[in-house]
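The values are calculated or read from the model by the stated rules, or taken from the named source; none is laboratory data. These figures come from a predicted structure and were not determined experimentally. When we count neighbours, we look across all protein chains shown, and the Cβ atoms used for this are built from the backbone with ideal geometry, even at glycine.
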Amino acid sequence: MSRTAHLARLERERLLVLERRGKARAEALAVQGGIAETIALSQARGGGIEAPATPRKPHRRQAGLEWLVRQGRLNDQQKRAGERYGTYYRRAAAGADIGSSLDIKHGDNPSGTSISEVLAQAEARAAAAAKLALYRRQLHQHPVLLAACDLVCGEELTPREAARTDREAGRLEAVLEVALDLLAQEGGAQGS
């Protein structure tokens, strides 16, 4: 191979490397722009987004209670009451995920769910539903209080995500604070 052919090959390789770097840089900028747009849209809809501590870590969506605590709008007792309510709400709601008994695999099939596992899951859901019913009675079955707890504590939405307007979000937040105060008072008295 002649010296000029060798130099031409090296120049081609250098240009290919520069082209790949340019494409990678452009793709990284496009991804970064897409992430920024997604975050901006989520925040415009009222979602709580936590920025990463380091640039290489992903952004994280904040649950409704977490967002309210970070904004300084809930105290520790209210937070704990809301977390308890949300935990039982989600456990009780998980009951819809189990299909018919035809889905259960019997015998030596390792991929199937054993009857004892299905029963344990059903018992845990029943216990969660009972505890959730107790919390709902503590809220006097008031539909507005229940809706606030279901949306923010159970579904983990921020007040702005759960409401259509800022005014409704403020109202939902105020109602939630009352509901959590009631749950915190009852929970503290019962030791839940």
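Listing for the model above:
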quantity	calculated
Some residue of the range 1-18 being of a type outside the set (S, T, N, Q) and in contact with a helix residue (DSSP H, G or I) (Cβ under 9 Å, 6 or more places away or on another chain)	yes
Any helices (runs of 4 or more DSSP H) falling wholly within the range 1-110 and containing at least 3 residues that are in contact with a Leu (Cβ under 9 Å, 6 or more places away or on another chain) and at pLDDT 75 or above	64-70, 76-93
Extreme residue, surrounded by the fewest Cβ atoms within 10 Å (Cβ to Cβ), among residues of the range 175-192 that are at pLDDT below 95 and among the small types (Gly, Ala, Ser)	Gly191
Residues satisfying the stated conditions in the range 47-68, i.e. in contact (Cβ under 8 Å) with a residue 40 or more places away in the chain and among the polar types (S, T, N, Q)	Gln62
